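Worksheet: one structure, shown below.
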Amino acid sequence: MVNGRLSALGWAIMLVFIVITSERSHAQRRVDLGGFLGASYYLGDLNPSVHFKNSHPAIGGLLRYNISYRWALKGALTVGAISGYYPVNEVVLKPLNTDTYRFKRTMVDLSGMIEFNFIPFDHPFIENSNLTPYLTTGVAVTQYRRYEVDESGNNDKSVFLLSLPFGLGVKYKITDWIRVGAEWTLRKTFVDDLDLTTSQPSVDPSDPYAFHEAVKSHNNDWYSFAGVIVSFSMFDRKTSCNAGYKKF
C-alpha cells in the first residue's frame, strides 16, 4: 500500500514537472529592456544628402513591450550629437564666399514607436522565428540648444521640438533571455535651425543661395540614429495551446 502511494506521488510530481516545463517552452517574453550604441548625424542645408557624414557616437536605453508576435511598442531615450560645416565641395552656398562656418550640438531624443515584424518573432510553435526584419515609426520629442535673439542680443536657449521618426531594423533571439539587433531611423523635424549658431552668421544656412527670402523647401533639417541594440527579456506571456500552428 505504501509503495503504491509513493508510486502515485512520484507520477504526480513528474506530471507537474512536465506541465511546468511545457508552459515555459510555450511562453513569449513580454518585455525587453536594453541599450543602444551607435552613431548620430545630420541632414540639412550643410549636408543635403550624404548619409552618415560627420557622424558622432550615440548612446541610449529602451523598453519594448511585445503586444503580439507581429507587433511591439517601444520607448527609447537616446543622446547623440550632430554637426556640419562650410565650405564643402558638394554644397555651394554663396558664390566666391571664402568664409567658414561650423556647428555642433547635442540632441536628447525621447521617442515612442511601434514595430511591425515581417516574421512572427519568438513564436512557440513556429521554428525559425528567432530572426526577423521589422519596420518602425512613431513620434519623438527632442531637447537641444537653440540660438535666438532677445532684448539682450543672442541667447542660447534650451527648447523642445517634435519630430517624426521612421526606419527599419532586424532583431535576433540568441537565448530565451537575450536579444540583439540593429536599427536605423531618420527623424523628420519641422525646423530649419539645427545648423544655426548665431543670429547673423557669415554664411546663413537658412538662405543657402543668398536669395534673401524664406524658402519653404529648406525647412528640411533631419537627424538620424543608427546602431546596435542588446536587450534582456522578462515576464512570460503564457500560451495554452498551439492554436492550429504546426512546426515547420
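What are the pairs, 6+ residues apart or on separate chains, where a residue within the stretch 25-50 that is open to solvent by less than 20 Å² (accessible area, probe 1.4 Å) and of a type in the set (S, T, N, Q) has its Cβ under 6 Å from a residue that is at pLDDT 85 or above and not in a strand (DSSP E or B)?
As it stands, the answer is Gln28/Asp122; Asn47/Lys53, since those pairs meet every condition given.
What are the residue pairs meeting all of these: first residue in the stretch 51-66, first residue touching a residue at least 24 places away in the same chain (Cβ under 8 Å) and surrounded by 14 or more Cβ atoms within 10 Å (Cβ to Cβ), second residue in a loop (DSSP other than H, G, I, E, B) and among the aromatic types (Phe, Trp, Tyr), Cβ atoms under 8 Å, and 6 or more apart or on different chains?
Within 8 Å, the pairs are Asn66/Phe121.
Which one of these is at pLDDT 85 or above and of a type in the set (Val, Ile, Thr): Val2, Val79?
Val79
Anything in the stretch 159-185 that is part of a strand (DSSP E or B) and among the polar types (S, T, N, Q)? List them, or say none.
Ser163, Thr185
Hey, Gly112 hits all of (1) open to solvent by less than 70 Å² (accessible area, probe 1.4 Å); (2) assigned to a strand (DSSP E or B); (3) touching a residue at least 24 places away in the same chain (Cβ under 8 Å); (4) in contact with a Lys or Arg (Cβ under 7 Å, 6 or more places away or on another chain) but one; which does it fall short on?
So the condition that Gly112 fails would be (4).
In this structure, is Tyr134 in contact with a Phe, Trp or Tyr (Cβ under 7 Å, 6 or more places away or on another chain) and at pLDDT 95 or above?
Answer is yes for this residue.
The values are calculated or read from the model by the stated rules, or taken from the named source; none is laboratory data. Since the structure is predicted, the reported quantities are computational estimates derived from the model, not experimental observations. Cβ sites come from the backbone with ideal geometry, for glycine too, and all protein chains shown count toward neighbours. In case anyone asks, the SASA skips ligands and DNA or RNA and just uses the protein heavy atoms, side chains included. Shrake-Rupley method; radii C 1.70, N 1.55, O 1.52, S 1.80 Å.
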